[in-house]
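Below: the structure, in structure tokens.
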Amino acid sequence: MPKSIRRYLIAGNWKMNKTASEGIDLVREIHQSVGSQSDVTVVVCPPFTALESCGKALEGSTIHVGGQNMYPENEGAFTGEISPVMLRSLFCNFVILGHSERREYFAETDAFINSKVLAALESSLKPILCVGERLEEREADQTKDVVKTQLEGGLADVSADQAENVVVAYEPVWAIGTGKTATPEMAQEVHHFIRKWLSGRFGDTAAAKIRILYGGSMKPGNAQDLLSQEDIDGGLIGGASLQAKSFIELVTIARALS
Ligand code: 13P
């Protein structure tokens with residue numbers, strides 16, 4: 001099936017950056033430039049403390065807001081956590097899950113991430129499931145094994161119908177925040193591997209609809225070559241999503257390729 005059945009998705013992962021008022025300034029600029037286009041799905045994922053104000057500032061635009069994490073229960077004694085219902089009540093329709101920073105600093109396992117993926121889908125939140133190898137794993141030629149294990153674990157018990165609402169983000173850990181990007185060919189090879197795995201697991205039709213994003217030092221200077229690859233359907237952007245100019249440029253590049 002042609003790539004054109006998948007709309008490009010450009011998502012900004014702000015990580016632990018921007019206060020609520022700084023967030024409003026950033027999304028206002030983004031809204032002014034690309035807030036009414038619908039060629040590309042645009043998502044901003046501010047920290048929880050800025051979700052409500054950013055969501056309000058984006059009202060009437062085509063831009064979505066998403067969470068950066070969540071706990072897989074709707075309510076209860078889970079101090080410091082945020083539920084799918086809480087995200088939905090702030091009009092989120094995406095949530096980043098299993099980011100490598102959460103795997104590394106908060107010891108998140110594939111099983112725990114899987115419970116979040118299932119809870120997100122139950123609540124009509126589209127999970128952006130992050131997978132990717134560390135440098136030593138790439139050097140030991142284990143990239144595909146690592147990614148396969150993360151996909152098998154993270155997407156356990158997801159049905160083919162639900163799978164169409166899943167977004168996968170391939171983020172090689174060694175490329176995150178380092179300025180080192182995977183070459184377009186290296187990224188495409190893993191994206192193709194992911195698509196094949198998705199086809200085996202959910203069938204060709206569902207796999208052809210699932211968007212696979214690249215993340216890791218994506219910026220306006222390298223986005224065109226990455227996004228042109230057959231199985232790269234967008235980007236999960238860290239550093240370059242913190243300035244309106246670079247984020248808007250990334251959306252513009254994706255639009256031009258649409
Ligand atoms: P950078 O774009 O800053 O490398 O971050 C990528 C990332 O981790 C997005 O989730």
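The values are calculated or read from the model by the stated rules, or taken from the named source; none is laboratory data. Since the structure is predicted, the reported quantities are computational estimates derived from the model, not experimental observations. Every residue, glycine among them, receives a Cβ derived from its backbone with ideal geometry; neighbour counts consider all protein chains shown. Surface areas here come from the heavy atoms of the whole protein model, side chains and all, with no ligands, DNA or RNA. Shrake-Rupley method; radii C 1.70, N 1.55, O 1.52, S 1.80 Å.
Can you list the helices (runs of 4 or more DSSP H) lying wholly within the stretch 104-172 that have 3 or more residues being within 16 Å of the ligand (Cβ to nearest atom)?
143-154
Each row is one residue, and each column tells you yes or no for (1) open to solvent by less than 20 Å² (accessible area, probe 1.4 Å); (2) without any contact (Cβ under 8 Å) to a residue 24 or more places away in the chain.
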residue	(1), (2)
HIS192	no, no
LYS196	no, yes
ALA206	yes, no
GLY215	yes, no
SER228	no, no
ASP231	yes, no
SER241	yes, no
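Of all residues in the stretch 1-53, exactly one satisfies the criterion of being among the aromatic types (Phe, Trp, Tyr), in a loop (DSSP other than H, G, I, E, B) and open to solvent by 10 Å² or more (accessible area, probe 1.4 Å), namely TYR8.
Every residue, every condition in (1) more than 16 Å from the ligand (Cβ to nearest atom); (2) part of a helix (DSSP H, G or I), yes or no:
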{"position": "GLY177", "(1), (2)": "no, no"}
{"position": "LEU198", "(1), (2)": "yes, yes"}
{"position": "GLY235", "(1), (2)": "no, no"}
{"position": "ALA240", "(1), (2)": "no, yes"}
{"position": "PHE247", "(1), (2)": "no, yes"}
{"position": "THR252", "(1), (2)": "yes, yes"}
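Listed by first and then second residue, the pairs linking a residue in the stretch 103-118 that is farther than 16 Å from GLY80 by Cα to a residue that is surrounded by fewer than 11 Cβ atoms within 10 Å (Cβ to Cβ) and among the acidic types (Asp, Glu), with Cβ atoms under 7 Å apart and 6 or more places separating them unless they lie on different chains, are LEU118/ASP157.
Which residue out of ALA206, ALA240 is of a type in the set (A, V, I, L, M) and in contact with a Phe, Trp or Tyr (Cβ under 9 Å, 6 or more places away or on another chain)? Write out each step before concluding.
On the way: ALA206 fails: in contact with a Phe, Trp or Tyr (Cβ under 9 Å, 6 or more places away or on another chain).
Going through ALA206, ALA240 in turn, the sole match is ALA240.
In the stretch 83-97, the residues that are among the polar types (S, T, N, Q) and open to solvent by 10 Å² or more (accessible area, probe 1.4 Å) reach residues that are in a helix (DSSP H, G or I) and more than 16 Å from the ligand (Cβ to nearest atom) with C-beta atoms within less than 9 angstrom, at least six apart or across chains, in these pairs: ASN93/LEU87.
Going through (1) among the aliphatic types (A, V, I, L, M); (2) in a loop (DSSP other than H, G, I, E, B); (3) closer than 19 Å to ILE237 by Cα one by one, VAL65 falls short only on (2).
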